[in-house]
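Peer 1: Could you have a look at this structure, given as structure tokens, before my questions?
The values are calculated or read from the model by the stated rules, or taken from the named source; none is laboratory data. Quick caveat: nothing in here was measured; it's all calculated off a predicted structure. A quick note on method: Cβ atoms are made from the backbone with ideal geometry, for glycine too, and the neighbour counts reach across all protein chains shown.
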Amino acid sequence: MPISESLKKKAEEIVFRYPEDKRASALIPLLFEVQRELGWITPEAEEWVVETLGVTPVRVREVITFYSMMRAEPHGKFIIQFCENISCCLTGGEELQHHLEHKLGIHPGETTKDGLFTLKCVECLGGCSWGPMMLVNEDQYFQLTKERVDQVIDGLRSGTPVKADHPTPLLGNVAGEKV
Ligand code: FES
């Protein structure tokens, strides 16, 4: 997939925020922009980021593979990242994870046949005081119960997503609206 003119323009804006000798600092924001436009970071886009920032391929690869929010392969329309770390487990996360798997009919790492959901189980998502929690794309859902999980999944399936608990202001919500 070729890199669009709009993505090139956004890249210029992002790179411009950093001193010329610190262009590598634009790496994460630029990868997020690629992901937002293409849905995932394709091998071609990865190469383009290397050239654009003048960094080594391994520098880009290590960032993509380190952060669970980076997507290096095709996936469902909604990526569910479910926290399997200790604080969330202690508040019922483990049982809830099984409920979610059953609801979706898939295991972690898999995508539903209709291409809507990809499930990932990840380490701490930074909301330990409000567990169990999950992210759907860039939206956060806290203090989950089976009923709340069902509401979220059913809402996404029917095209009427329920409101996230704390949409991430810079990234927009599930429906792609800026908040
Ligand atoms: S342990 Fe689940 S968000 Fe931190």
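Peer 1: Let me spell it out: the conditions are (1) within 16 Å of the ligand (Cβ to nearest atom); (2) at pLDDT 95 or above, and residue 157 meets all of them except one. Which number is the exception?
Peer 2: (1)
Peer 1: Any idea how many residues of region 94-116 are touching an Asp or Glu at 6+ places or on another chain (Cβ under 9 Å) and touching a residue at least 40 places away in the same chain (Cβ under 8 Å)?
Peer 2: Of the residues in region 94-116, 3 are touching an Asp or Glu at 6+ places or on another chain (Cβ under 9 Å) and touching a residue at least 40 places away in the same chain (Cβ under 8 Å).
Peer 1: Within region 41-53, is even one residue in contact with a Pro (Cβ under 9 Å, 6 or more places away or on another chain) and surrounded by fewer than 16 Cβ atoms within 10 Å (Cβ to Cβ)?
Peer 2: Within region 41-53, one or more residues are in contact with a Pro (Cβ under 9 Å, 6 or more places away or on another chain) and surrounded by fewer than 16 Cβ atoms within 10 Å (Cβ to Cβ).
Peer 1: Follow-up question, since we're still on this one. Just checking: which of the helices (runs of 4 or more DSSP H) contained wholly in region 7-117 hold 3 or more residues that are modelled with pLDDT of 95 or more and more than 29 Å from residue 134 (Cβ to Cβ)?
Peer 2: Details: elements: 27-38, 43-53, 57-66, 86-90, 93-104.
Those helices (runs of 4 or more DSSP H) span 43-53, 57-66.
Peer 1: Another question, then. Could you say whether any residue in region 131-148 is small (Gly, Ala, Ser), farther than 17 Å from residue 67 by Cα, near the ligand (Cβ under 9 Å from one of its atoms) and not in a loop (DSSP other than H, G, I, E, B)?
Peer 2: In the first step, residues of region 131-148 are kept if they are small (Gly, Ala, Ser); the result is 131.
The next check asks that each one be farther than 17 Å from residue 67 by Cα; those that pass are 131.
From what is left, the residues that are near the ligand (Cβ under 9 Å from one of its atoms) are 131.
Restricting the remaining residues to those that are not in a loop (DSSP other than H, G, I, E, B) gives none.
No, region 131-148 contains no residue that is small (Gly, Ala, Ser), farther than 17 Å from residue 67 by Cα, near the ligand (Cβ under 9 Å from one of its atoms) and not in a loop (DSSP other than H, G, I, E, B).
Peer 1: OK, next. Condition (residue is free of Cβ contacts under 8 Å to residues at least 40 places away in the same chain, closer than 30 Å to residue 147 by Cβ and either surrounded by fewer than 17 Cβ atoms within 10 Å (Cβ to Cβ) or of a type in the set (Ser, Thr, Tyr) (or both)) applied to region 78-87: is it met by at least one residue?
Peer 2: Taking every residue of region 78-87 in turn, at least one turns out to be free of Cβ contacts under 8 Å to residues at least 40 places away in the same chain, closer than 30 Å to residue 147 by Cβ and either surrounded by fewer than 17 Cβ atoms within 10 Å (Cβ to Cβ) or of a type in the set (Ser, Thr, Tyr) (or both).
Peer 1: What's the number of the only condition in (1) closer than 20 Å to residue 41 by Cβ; (2) surrounded by fewer than 17 Cβ atoms within 10 Å (Cβ to Cβ) that residue 111 fails to meet?
Peer 2: Every condition holds for residue 111 apart from (2).
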